[in-house]
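Following: one structure in structure tokens, then a few remarks.
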Amino acid sequence: MTAPCDRPGCGGTVVATGFCDRCGRRPSPAAPPTRAERAERAERAERAVAPSSASGPRESDGGAWVSGDLLSLPVFELPDPSSLVLANAEVPEASRVCAECGHPVARTYEGQPPLLDGVCGQCGARYSYSLKLVAGDLLADRYEVVGPLQRGGLGWVYLAKARNLDDTYVVLKGLINSRDRRARELVANERTALTRLDHPNIVRIYDFVQHPDPVSGEPVDYLVMEHVGGPSLAQLKNDPAARARHGELRVEHVIAYGLEILAALEHLHAAGLLYCDMKPGNVIRSTNRLKVIDLGAVRGIDDQEGLVVGTRGYQVSDEERELHGLTIRSDLHTVGRTLETLFHVTEESWSPGTRRQAAGAGRNGSSETAAGEAEPGPVEEPDSGDACGVASFRRVLARATGPFEQRFTTAADMGEQLRGVLREILALRGMSLRPSPSRLFEDPLALLDNGLGSIPPLRRWTGARTLAQLAVELDDGRPSPAGAAAALPAPLVRADDPEAGYLAALVTTDARELLAALDASERESPEIHLRACRALIRLGEPDAAESRLAAAEQADQHAPDWRPAHFRGLLALAREDVPAARREFTAVRDALPGELVPKLALAFCAEHEGDATEARAAYEAAWPQDRRTATAAFGLARLALADGARDRAVEALDDVPPECRHAQESRVAAFRVRAGRLRGGEPPGVDDLADAVRRLDALALDGGEPDGAGRARLTASLREVALARAGREPVRLPAGAVLGANPDVRSLRALLENSIRRLAGQAGRADAHAALVDLANGVRPRTWW
């Protein structure tokens, strides 16, 4: 509900927060919110941030700090607020300047103490740098001052007790120099902004009061805000003692902080406001969440004439401000720089074998601001197991602080990628994660495999004339580039496309049917062309697909760069140009560091080009993030097979959980690896054969039929390699139904003959049947009658 402000001459409106949107005051007589009002407001703010939000916080029942549903950070034990009061509070002499002309004032002279309240000797303007409040002062008959807490950029912050709220601690924020017109304007900005905002990651304003200046007697404005009580992120960044008390920073902590900062900024942006001055000193770590403070620099998104406030090393360049003004993208730049400075002190990045890389390439040298905020310098990058996840985080920072055109466009977009990176890092550290569907890509449910997880086709036997011709190396199942192009997921249809509804109604998964439906509709939009491009890639028609991609780019020249790049990558794969595909997918990966699909695409490209180290790192990063698809597990198995590491390949395939849609394929593949001839034609060992027998017995094949076609083929392949092993040297093979009671060359030949005759029964053509019968006759043991 809203109501007109009853302050004389105001004309503003009292909004839902209880404050006027113009003068920033409560209706007279002003009264602090009751407990019930505060509880209701807090509940309303909590409801505004859904627990499943990509960038918002959620508190657990136990009070632990939880970033989404991923990371629980330790709860801080905060000291008694009264112990934080400064014993000797004063503005450093170097910071005492006239607000009008900038001339030094209030300085020590010939050993005499400075005059903290006086007149500028150069321009005659009055200045005041003395404390305006002391312990025991009572403001508005309800706020009793305890003492000064800290000096902000513009004003003193005092601790007080709210008498009408059972002596609850609150913060009073006033001006250091109440005659500074610029400072008064910024405080008015903060007051106006805070009365419009109600978010759990933004410090709350409780009241607005006045109290006479002890020197001039003129009224001084004070904001009454909640007391947060924890260290600022600047303290955690700069003060080793603070980190020793509260715990060292880890990269996942920094990401969790970023998610909550972005949640606050997303709320600000939705209200039509820019924050403008994000830095570690403006964020406080409370007991179980972050609070963004100091909203003096806040301005309207469309306001390009107001006072520009920011901190060197965090702001965008002067050139960008002149060209684009202050924007949501400039706000996200300050978030990126804030996270970058925090990342410098994460001990997770300090380990033996690390390498230093300059994070400030192309920027000005390091600078220290008056507020103690240092511009980021070199960053340590680890060579540890989670290095791929840390590299993804660096990509987020690079995009957030990169050129205007490449930067994230919304806080939600940046939060989505940060959340994906957090999942990657936690998964690499062994955390079990629930699947989290992408908001940008189709689910990667198709298996990038070329038959390793399939039961061998009958032609494997019909094409052989002798037993020796069956002794072939195991195909590792790596798909062709064109096959990968057809299987890799495409971006989801953009919701703002004019034909998004029509495309959603097309439920066919057949590429030919989809293309026919699109061509018959005579509809055109960027997404129509992209869906047609995708269908043509799957149909093996890259030239026609390229034409549709060009039409899509022409129809929407403002589309995100990563979407055309992903389709260009698929087109390059379809044309067997893997290096070009790798370049395109790298661009997508740089733009979307938290997404799974670009990782899978790059892993395949690296594998195909023989870059096993890069491929393995990408597959290992992708697989634990989302185990609904076994593509990464199969990729790791192929890399192991290329190294001749049979056990490692089986281990990767066994990692596929039973609930995965490709669990059966992984079980078949693990059996085939155990029972297959690896590079060089070496048959499996006795232990491998014993494991293969066990695995064959455990496979659920042919709809549960004990003597089905699939089991018959796998049994035949196992008997082949057992016979080869027995023929090389005397060995004790595993006895049982598959290899017989006493496996030797003669008995295994008889069993294999029986298997091949059973395969002949599966032949659909006479020539295939005859070939299998001939092969069986050639395998049968010799007899003399």
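Rule-based calculations on the coordinates, nothing more; no lab input. As the structure is a computational prediction, the values presented were derived from the model and not from experiment. So basically every Cβ, Gly included, is an ideal-geometry build from the backbone, and we count neighbours across all protein chains shown.
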For the stretch 694-730 and the stretch 462-487, distance of Cα centres in Å: 18
Can you tell me the dipole magnitude for the stretch 65-171 around its Cα centre, using point charges on the Cβ only (Lys, Arg +1; Asp, Glu -1), in Debye to the nearest 20? 340
Cα centroid of the stretch 515-593 to Cα centroid of the stretch 760-774, whole Å: 45
Cβ-derived FRET efficiency at R0 22 Å, ASP611 paired with ARG512, nearest 0.05: 0.05
Burial ordering of GLU584, GLU416, fewest other beta-carbon atoms within 10 Å first: GLU416, GLU584
Rounded to the nearest Å, what's the spacing between the alpha carbon centres of the stretch 656-679 and the stretch 296-339? Just the number, please. 54
For the pair ARG780 and CYS101, how long in nm is the line joining their label points, each one 7 Å along Cα→Cβ? 11.8
Ranked list, fewest to most other Cβ atoms within 10 Å of each Cβ, for SER454, SER286: SER454, SER286
Modelled FRET efficiency - R0 35 Å, GLN406 with LEU86, Cβ distances, 0.05 increments: 0.20
Heads up, the stretch 394-538 by the C-alpha gyration tensor (a ≥ b ≥ c square roots of eigenvalues; a/c under 1.5 rounded, else a/b over b/c prolate, else oblate) looks oblate
Rank the residues VAL97, VAL134 as a footprinting-exposure proxy: fewest other Cβ atoms within 10 Å of their Cβ go first. VAL134, VAL97
Order 704-710, 621-627, 417-423, 735-741 from most to least packed using the mean count of other Cβ atoms within 10 Å. 417-423, 621-627, 735-741, 704-710
